[in-house]
Amino acid sequence: MTLDIATSLIHHPYRPPADFDAPQPGVHKASTVFFPNVAALEAREWRDKSGYTYGLHGTPTTFILEERLATLEGGLQCLLVPSGLAAIACVSLSLLQAGDEVLLPDNVYGPSKALAEAELKALGIGWRLYDAMDPASLEAALSERTRLVWLEAAGSVTMEFPDLPRLAAICRARGVLSALDNTWGAGLAFDPFRLDEAGQGVDLTIHALTKYPSGGGDVLMGSIVTRDEALHMRLKMTHMRLGIGVGANDTEAVLRSLPSIALRYDAQDAAARVLAGWLTDRPEVAAVLHPALAGSPGHAHWQALCGARDRAAGIFSLVFQPSFSRAQVHAFCDALRLFRIGYSWGGPISLVVPYDISGMRDPGVTRWSHPGTLVRLCIGLESVEDLRLDLAQALATLAPKR
């Protein structure tokens, strides 16, 4: 059959040899996946990754990233989603139904609480808060309706480090699933699936790959990691029915950055500790909240869980003396030259954001004891001395005018 040139280009017979190997995996982009015959179409399975059926159900590129992320976090299965918040939503929609209840720590990632307040509530799913630093608070909050408990270490913005082994054990004893936002630990600071000497841990983790796995501040992606096949399949079928997928180029970006995650995490961790220690001696600062610093809330829990690996991420918060107004603290943030004002973390550029904690915590659940304005610093890959000098010149703007 003689084909028109347009048809010939589309149906060109050439296929490159299959034995190509290189440091980075190939990038496979597909919605349609071809089958050699109808029998293959009817027999091919995507659930166990033994074959490809449709781009939304996985390609060689996404399968590779999922397997590497499962290894990073100590799990056996992984699902990719478009963001960390999408991972939280997928877990909640998969594991909860009308009449159920989910428990959140009061220092949870803000959008997670907003999801419970709006979409979950609209679906007839109840939610309550507990004090992450008081295991008795979690025990008291559990009810016959509780089906899922979210854990977070360290706490969002205020950086408290809870007794994760104890909280996970409480959930197991009551037969309730526990889900950990493991973005801070990144699979490097501790093993979320083996929190105690008996090798037990949480049931699943979510991870904002946007942060350390990406490392560039240019990718949005998340993951859900499990060790139980039945739980994984429950999540996977919801994942499929919701039509959740990730782009091949974003997957490629995370795959390219993943080999350097430990180097970047350790470098940002080390720089953060230097700066946090220096800031504890500054007269403008009332408190530095960093799990690896003695005196920071939950430091003993961090030491017990993470001390052997001695890792603590590159993010911490400082509380200014209450004598400084919010406007003055905002002016401090504006005066920074290397720190940029922006959300997220884990990228090469250091970031700063001020927060009003009084509007973020429920006084009936947790007690926030610092009256000054809080500022979160996320340390990038700049020279630590350059960052220290930048902080010093910005702090100088707070000095009284003469």
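For segment 362-389, which positions are charged (D, E, K, R) and crowded, with 18+ Cβ neighbours inside 10 Å?
Within segment 362-389, just Arg376 meets the criteria.
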Residues satisfying the stated conditions in segment 229-259, i.e. without any contact (Cβ under 8 Å) to a residue 40 or more places away in the chain and of a type in the set (D, E, K, R) | Arg241, Asp250
Considering segment 134-157 alone, what residues qualify as being under 20 Å from the mean Cα position of the chain (by Cα) and on the phi < 0 side of the Ramachandran plot?
-> Leu148, Val149, Trp150, Leu151, Glu152, Ala153, Ala154, Gly155, Ser156
Scanning segment 366-400 residue by residue, the ones that are in a helix (DSSP H, G or I) and in contact (Cβ under 8 Å) with a residue 60 or more places away in the chain total 6
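Hey, among Ser344, Ser358, which residue is modelled with pLDDT under 95 and at positive phi?
Of Ser344, Ser358, the one residue that is modelled with pLDDT under 95 and at positive phi is Ser344.
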Only residues in segment 266-284 that are more than 19 Å from Gly187 (Cα to Cα) count as the first member; pair them with residues that are in a helix (DSSP H, G or I) and basic (Lys, Arg), Cβ under 8 angstrom, at least 6 apart or cross-chain, and list the lot.
-> Val274/Arg388; Leu275/Arg388; Trp278/Arg388
Just a yes or no: is a residue in segment 150-163 among the small types (Gly, Ala, Ser), outside the structural domain of Asp362 (by TED's automatic domain parsing), over 22 Å from His301 (Cα atoms) and out of contact with any helix residue (DSSP H, G or I) (no Cβ under 8 Å at 6 or more places or on another chain)?
-> no
Going through segment 89-111 in order, the residues found to be at pLDDT below 95 and either in a helix (DSSP H, G or I) or basic (Lys, Arg) (or both) are Gly110, Pro111
Of the conditions (1) surrounded by 23 or more Cβ atoms within 10 Å (Cβ to Cβ); (2) in a helix (DSSP H, G or I), Thr183 fails just one. Which one is it?
-> (2)
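What are the residues in segment 67-88 that are hydrophobic (A, V, I, L, M, F, W, C) and not in a strand (DSSP E or B), if any?
Leu69, Ala70, Leu72, Leu76, Leu85, Ala86, Ala87, Ile88
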If Val219 satisfies every condition in (1) in contact (Cβ under 8 Å) with a residue 40 or more places away in the chain; (2) in a loop (DSSP other than H, G, I, E, B); (3) buried (at least 20 other Cβ atoms within 10 Å of the Cβ) but one, which is the exception?
-> (1)
Just checking, which of Phe190, Phe161 is in contact with a Lys or Arg (Cβ under 8 Å, 6 or more places away or on another chain) and in a loop (DSSP other than H, G, I, E, B)?
-> Phe190
Index of the failed condition, Trp46 passing every other in (1) outside any helix (DSSP H, G or I); (2) loosely packed, with under 15 Cβ neighbours inside 10 Å | (2)
Can you tell which of Ser83, Ser92 is in contact (Cβ under 8 Å) with a residue 12 or more places away in the chain, out of contact with any Gly (no Cβ under 9 Å at 6 or more places or on another chain) and small (Gly, Ala, Ser)?
-> Ser92
Taking segment 187-240 only, how many residues are closer than 24 Å to Ala169 by Cα and aliphatic (A, V, I, L, M)?
-> 13
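The values are calculated or read from the model by the stated rules, or taken from the named source; none is laboratory data. As the structure is a computational prediction, the values presented were derived from the model and not from experiment. Here the Cβ is made from the backbone with ideal geometry for all residues, glycine too, and neighbour counts use every protein chain on show.
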